[in-house]
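Worksheet for the structure shown next.
The values are calculated or read from the model by the stated rules, or taken from the named source; none is laboratory data. This is a predicted model, so every value here is computed, not measured. Please note: Cβ atoms are built from the backbone with ideal geometry, for glycine as well, and neighbour counts cover all protein chains shown.
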Amino acid sequence: MIQEIGYCSGIENYSRYFDGRKEGERPFTLIDFFPEDFLTVIDESHVTLPQIQAMYGGDRKRKDNLIDYGFRLPSAYDNRPLKSDEFSTLQNQVIYASATPSHRELELSQGAITELINRPTGLVDPELMIRPSAGQIDDLISEIKIRSSKDERCLVTTLTKKMAEDLSEYLSSVGLRVRYLHSEVKTIERVKILRDLRLGDFDVLVGINLLREGLDLPEVSLVAILDADKEGFLRSKSSLVQTAGRAARHEQGKVILYADKITDSMKYLIDETDRRRKIQMKFNKENNITPKTVKKSVEEIMQSTRVAESYRDSEIEVKRDVATDKFLLEDKKIVVEMIREEMLEAAENLEFEKAAKLRDEMNKLEKEIKL
Amino acid sequence: MADFKVESKFSPAGDQPTAISELSDGLKENASHQTLLGVTGSGKTYTIAKVIEEVQKPTLVISHNKTLAAQLYGEFKNLFPNNAVEYFISYYDYYQPESYMPVTDTFIEKDFSMNEEIDRLRLKATSSLLQRKDVIVVSSVSCIYGLGNPKEWKKQVVHLKLDDSISRSSLTEYLVDIYYQRNDQVLESVILGF
């Protein structure tokens, strides 16, 4: 086929023969196109490095099944991403950039750590307050009310979905304007919720993991962390530092940790915040800087969230009942986008069966739209 | 050949001047690993840009998701308007690798939809790297996946510069040699038209 028409589908699996590589030898990558003396910058290294390390394993697992059950020849193993150590060997000089670098980067850097603590805006890290869990909800409500009356916003993070649901229901029943952001909320609606929060359509956003990108909201002056002393992934050092950082764009930014004991991660956050604030306040005093929140106009907020804009007036809560076929054309287009989003996420998480089902559903809908 | 030059109405402020000189000095003294710990809102991208300007090295910037990569690409492009700032992420809008699930005996065929614009930007990234030194490539983890051998790649490129002279027929021959197809009606990549 290659001789006749110049290509053959699936041939990339056997790239090793075309590249003239030996068995097990690494593939050529973009890095091979760089000259010898180059620089690599790994952004958000605490997430990016583990991701680089995981790529080879995921690919290998998928190939195991394809090769063991006879769908591909063993040489397909060699059409693969780089292993972690191959990636390291290819580097010349590396800078890891992160607000919360992990042990690995710090160890590799052997003390060559440069800090950016003082912001050009002069804003200092938010002040931390630790309060007992007894009476936490009443305390939280009064803190929220203070912020709402000043046209400021609050983020509240809980540990479980159940608790987030119950809490937002309760806060709403006492008259607070609250919304709940959970993992099933898709990108488009997510952006819309965040925009409405910034514009002041409501005052409090409750969620579990509020660290995902796009949450740099200068209007937020309070971050409340419930169950801060339950050590675990959502309350680890880097999670706590990143969550507390969500209040760092406001000159009055404060963080309340509801906890009955001080865990190691909390201790780290407290010490680190204390250290940073001292340095920042000293710097501001020496340089006569008065910190100021960056105030955004309504237009600027609209501009920065215009993905949601085109969907603003459309009903997004469309049921996924494809069979009844009762959607308007516009709704269908939105549903297709939502399914596409979900499909990409499934494929990224290596849930191929789920992704394939979603793909079929999406194709079916797309056909209907064209009719 | 242009040097890296940052164009910005801001000058380094806060901790940026110190960070820029620390990182650049480290690079000049051949430090292989350094960490930049920057708090939210401290201007990490600007600092990195100034370091690149200082050391004048071709740079690969790796990000863990496409949205962030696109943001960084835009920022670096603004900061370095006269240098080659390139974008290298997977050219699939959707990619479903072939896979087999023994438990349910399901084989899923490879399926994808390719984004031509991203493919074009990827080719631009590799060709910039082979032609000039002032290159920044903003990439996702796509940069650790297989790509052709750079030596072979170089043979599959027709270099054209302003004021070069080449006859139309030999240019056509070169292009057909590297699998261009002639079509005078529709313009697409890998299609050759006059």
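Being free of Cβ contacts under 8 Å to residues at least 24 places away in the same chain, crowded, with 23+ Cβ neighbours inside 10 Å, among the small types (Gly, Ala, Ser) and at the interface with chain A (Cβ under 7 Å from one of its Cβ atoms) is true for just one of B:Gly26, B:Gly14, B:Gly38. Which residue is that?
Details: B:Gly26 fails: crowded, with 23+ Cβ neighbours inside 10 Å; B:Gly14 fails: free of Cβ contacts under 8 Å to residues at least 24 places away in the same chain.
From the options B:Gly26, B:Gly14, B:Gly38, the qualifying one is B:Gly38.
Which of (1) within 10 Å of another protein chain (Cβ to nearest Cβ); (2) in contact with a helix residue (DSSP H, G or I) (Cβ under 7 Å, 6 or more places away or on another chain); (3) among the hydrophobic types (A, V, I, L, M, F, W, C) is the odd one out, the single condition B:Val6 does not satisfy?
It is condition (1) that B:Val6 fails.
Every residue in segment A:32-89 that is out of contact with any strand residue (DSSP E or B) (no Cβ under 8 Å at 6 or more places or on another chain) and of a type in the set (Phe, Trp, Tyr), please.
A:Phe33, A:Tyr56, A:Tyr77, A:Phe87
Only one of these is more than 25 Å from B:Pro81 (Cβ to Cβ), modelled with pLDDT under 85 and assigned to a helix (DSSP H, G or I): B:Val158, B:Val176. Name it.
Values: B:Val158 fails: assigned to a helix (DSSP H, G or I).
From the options B:Val158, B:Val176, the qualifying one is B:Val176.
If you go through segment A:112-150, how many residues are under 28 Å from the mean Cα position of the chain (by Cα), of a type outside the set (Lys, Arg) and within 28 Å of A:Asn284 (Cβ to Cβ)?
Residues meeting the conditions: 19.
Among the residues in segment A:39-53, are any in a helix (DSSP H, G or I), at pLDDT below 90 and among the aliphatic types (A, V, I, L, M)?
Looking through segment A:39-53, at least one residue is in a helix (DSSP H, G or I), at pLDDT below 90 and among the aliphatic types (A, V, I, L, M).
Residue check: is B:Ala70 at pLDDT below 90, touching a Phe, Trp or Tyr at 6+ places or on another chain (Cβ under 8 Å), surrounded by fewer than 18 Cβ atoms within 10 Å (Cβ to Cβ) and more than 8 Å from chain A (Cβ to nearest Cβ)? Working first, answer last.
Numbers: at pLDDT below 90: yes; touching a Phe, Trp or Tyr at 6+ places or on another chain (Cβ under 8 Å): yes; surrounded by fewer than 18 Cβ atoms within 10 Å (Cβ to Cβ): yes; more than 8 Å from chain A (Cβ to nearest Cβ): yes.
Criteria met by B:Ala70.
Specify the residue that is farthest from B:Leu60 (Cα to Cα); the eligible residues are those in segment A:60-82 that are among the polar types (S, T, N, Q) and in a helix (DSSP H, G or I). Steps first, answer last, please.
Initially, segment A:60-82 is screened for residues among the polar types (S, T, N, Q), giving A:65, A:75, A:79.
Next cut, in a helix (DSSP H, G or I) only: A:65, A:75.
Numbers: A:Asn65: 34, A:Ser75: 30 Å.
Filtering segment A:60-82 for residues that are among the polar types (S, T, N, Q) and in a helix (DSSP H, G or I), the one farthest from B:Leu60 (Cα to Cα) comes out as A:Asn65.
Among A:Gly57, A:Gly24, which is the only one that is part of a loop (DSSP other than H, G, I, E, B), of a type outside the set (Asp, Glu) and exposed (fewer than 14 other Cβ atoms within 10 Å of the Cβ)? I'd like the intermediate steps shown before the answer.
On the way: A:Gly57 fails: part of a loop (DSSP other than H, G, I, E, B).
Step by step, each of A:Gly57, A:Gly24 is checked, and only A:Gly24 is part of a loop (DSSP other than H, G, I, E, B), of a type outside the set (Asp, Glu) and exposed (fewer than 14 other Cβ atoms within 10 Å of the Cβ).
Identify, please: which residue in segment B:36-54 is of a type in the set (Val, Ile, Thr) and part of a loop (DSSP other than H, G, I, E, B) and is, among those, nearest to A:Arg104 (Cα to Cα)?
B:Val39
Here's a check for you: in segment B:113-130, which residue that is touching a residue at least 60 places away in the same chain (Cβ under 8 Å) and more than 18 Å from B:Lys161 (Cβ to Cβ) is farthest from the other protein chains (Cβ to nearest Cβ)?
Selected residue: B:Glu116.
Here are some residues: A:Glu115, A:Glu169, A:Glu86, A:Glu107. Which one is assigned to a strand (DSSP E or B) and among the acidic types (Asp, Glu)? Walk me through it before giving the result.
On the way: A:Glu169 fails: assigned to a strand (DSSP E or B); A:Glu86 fails: assigned to a strand (DSSP E or B); A:Glu107 fails: assigned to a strand (DSSP E or B).
After applying the criteria, what remains is A:Glu115.
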